[in-house]
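Report on one structure; see the data block that follows.
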Amino acid sequence: MNAQELRAKTPDQLREDLANLKKESFNLRFQQATGQLENTAQIRKARRSAALVKTILNEKAAAAAE
């Protein structure tokens, strides 16, 4: 996911993506705790993607408030 693709989405789609990323992050943390996670970089990628989605949601909210 890149920022241009995310900015083209509606806020509802972004919230759905954020929920999916949070679920993915939880599953990755669970895998790490049980020793099943092979690629630990996935956790960082999921967290950063969630942060990007939150940032774009905040940008859209600020633009709508103006």
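The values are calculated or read from the model by the stated rules, or taken from the named source; none is laboratory data. Keep in mind it's a predicted model, so treat the numbers as computed, not measured. Cβ sites come from the backbone with ideal geometry, for glycine too, and all protein chains shown count toward neighbours. Ligands, DNA and RNA are excluded from the accessible area calculation, which covers all protein heavy atoms including side chains. Shrake-Rupley method; radii C 1.70, N 1.55, O 1.52, S 1.80 Å.
Annotations
- Here the helices (runs of 4 or more DSSP H) wholly within the chain that include at least 2 residues being charged (D, E, K, R) and surrounded by 13 or more Cβ atoms within 10 Å (Cβ to Cβ) are 11-33, 41-65.
- Pairing each residue of the stretch 22-49 that is under 15 Å from Met1 (Cβ atoms) with any residue that is assigned to a loop (DSSP other than H, G, I, E, B) and open to solvent by 80 Å² or more (accessible area, probe 1.4 Å), provided the two are 6+ apart or on different chains, yields C-beta distances under 9 Å for Ser49/Met1.
- Residues located in the stretch 1-15, provided they are under 14 Å from the mean Cα position of the chain (by Cα), free of Cβ contacts under 8 Å to residues at least 40 places away in the same chain and farther than 16 Å from Ala61 by Cβ: Asn2, Glu5
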